[in-house]
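Just so you know, all these numbers are worked out from the coordinates, no wet-lab data involved. In this text the structure is predicted, and so the values were computed from the model without any measurement. Cβ atoms come from the backbone with ideal geometry, glycine included; neighbour counts cover every protein chain shown.
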Amino acid sequence: MFELQGAKSRSVLISGASIAGPTLAYWLDRYGFDVTVVERADTIRSGGYPVDVRGTAIDVVERMGLLPQLRSAHIDTRKLTFVDAGGHPIATIAPEEMAGGVTGRHVELPRGELTSLLVDLTRDRKVRTRFSESIAALHDDGAGVDVRFSSGAQQRFDLVIGADGLHSNTRALVFGPEAPFNRYLGFCFNLFSLPNDLGLAHEAVVYAEPGRAAGVYAVGDSHTLLGFLNFCTDEPPFHSHADIDEQRQRTADIFSHAGWEVPRLVAAMLRADDLYFDTVSQIHMPRWSSGRVALAGDAAHAPSFLSGQGTSLALVGAYVLAGELVAHPDPMDAFAAYETIARPFMEANQALALRKGRSLLMPRTQDELDARNAALAAMQASGRTPSRAEQAGEVHNALRLPDYSRWLHEGHRR
Ligand SMILES: Cc1cc2nc3c(=O)[nH]c(=O)nc-3n(C[C@H](O)[C@H](O)[C@H](O)COP(=O)(O)OP(=O)(O)OC[C@H]3O[C@@H](n4cnc5c(N)ncnc54)[C@H](O)[C@@H]3O)c2cc1C
């Protein structure tokens, strides 16, 4: 039987403390592993853009005892309005009509708040979380992994898990550059905050022209709005991340002479101190592990925000990975089982982004825009959840979570 039943536990290093990282840390600690988390940022930031927890992921947070706190933090977005250049509504729909889901099995909250809740769960446990720290180099010799950190510290671990996001550092160190795994979906986004001068609450407003889309998101009744400026480009500007001023100017040029409130959004983007620019991409990997190193969350299977499922997938994947690690004496068997169980679910949810999000949020041509407007008008007129959203609801719930509770020995409950 597995050595955790004795006094000695396996040491695990997790890179990244957002969604997948703290979820893994929580479960591994509860199964008796010795857990260290390193996070590049200097602290957990509250707020941020809203993320969704739905379907199977609701079961994960319920098993962590977090569902009541998540329900209290629910931001309750009530409507999505698509407008024309003059600001006149084309259609107003309920968010679930677009994303799908089952009533009562969906919570939406700022990402920072979810991270804080997850990290808080590990605070009075044995998990060590080190901020402003990152893996600089690692060497897997088959019996363990020697890690050198950016601080210069060195330590040996039994296992290393990369939960460090779409541009995972751990993945780069073990699997090489991102490009072969990054499936670019044809557009880029800029996200930033601006004052809520429009008096919006619990809603989002979206404006699109062929190849460019702009909008604002009112999270609850906040005094600030989240603005976005998205544009299509066939060649992904991967290298422009490095020069944020170049990126600001490029976005401003692309959105010149656009209608609606776009000039105001461009002005806010140009002066924002929290501008977040990235390509809209998925991660597809032939394997999620190599030797004693595995990946979880966006690092392994990012679905892009078009799916609205990245957070739920990170929660589910972390739960399954931790459970399979305690259930198998050999971590290689655990990593294989983790993929067997989780991969079909991840891939089905990744496919949602291609099916639904792109044409609604980012029409590329006038024909696509006309088709989108007709579909929105029909959706509003019928008041019915379209079959696309119903199908999405099935995919969100497609995995039945394994039960690992037998591994939660009393001795491991602290
Ligand atoms: C604009 C936007 C909108 C989104 N909207 C939604 C939505 O509506 N619904 C939804 O479900 N999902 C949404 N997502 C996706 C969601 O945020 C991700 O899928 C989810 O956060 C993945 O969690 P993760 O823990 O795998 O990775 P991440 O949340 O990306 O976290 C990675 C962590 O690793 C840390 N890190 C990075 N590099 C290093 C390093 N070298 N060393 C140590 N730490 C490191 C980062 O600081 C971060 O804390 C959206 C994403 C974006 C960008």
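Worth a mention:
- Label point distance in nm, Ala351-His202, each placed 7 Å from Cα along Cα→Cβ: 3.6
- Net length available on complete extension from Asp124 to Ser46 is 26.1 nm, with 0.36 nm assigned per residue and the Cα-Cα distance removed.
- The calculated FRET efficiency for Ala136 paired with Ser290, based on their beta-carbon distance and R0 = 22 Å, is about 0.75.
- Among Ala299, Ala213, Ala258, the residue with the largest mean-square fluctuation in a Gaussian network model of the chain, with springs joining Cα atoms closer than 10 Å, is Ala258.
- Measuring spread by the Cα atoms of the chain yields a radius of gyration and Dmax of 21.6, 69 Å.
- Simple point charges give the picture: +1 on the Cβ of Lys and Arg, -1 on the Cβ of Asp and Glu, and for the chain a dipole about the Cα centre of about 740 debye.
- The angle between the Cα long axis of helix 387-396 and the longest principal axis of the Cα atoms of the chain comes to about 20 degrees, rounded to the nearest 10.
- Fewest neighbouring Cβ atoms within 10 Å first, the residues Glu368, Glu394 line up as Glu394, Glu368.
- At full extension, Arg343 and Ala179 could sit 57.0 nm farther apart than now, given 0.36 nm per residue minus the alpha carbon distance.
- Only one residue of Ser72, Val60, Val37 has its Cα farthest out toward the positive end of the dipole of the range 28-83, where Lys and Arg carry +1 and Asp and Glu -1 on Cβ, and that residue is Ser72.
- FRET efficiency, Gln155 to Leu67 (Cβ-Cβ, R0 41 Å, nearest 0.05): 0.70
- Between Asp333 and Ala377, the distance separating the two model label sites (each 7 Å from Cα on the Cα→Cβ line) works out to 6.2 nm.
- Paramagnetic reach from Tyr276 in the range 42-85 [backbone N under 11 Å; point 7 Å along Cα→Cβ]: 45-51
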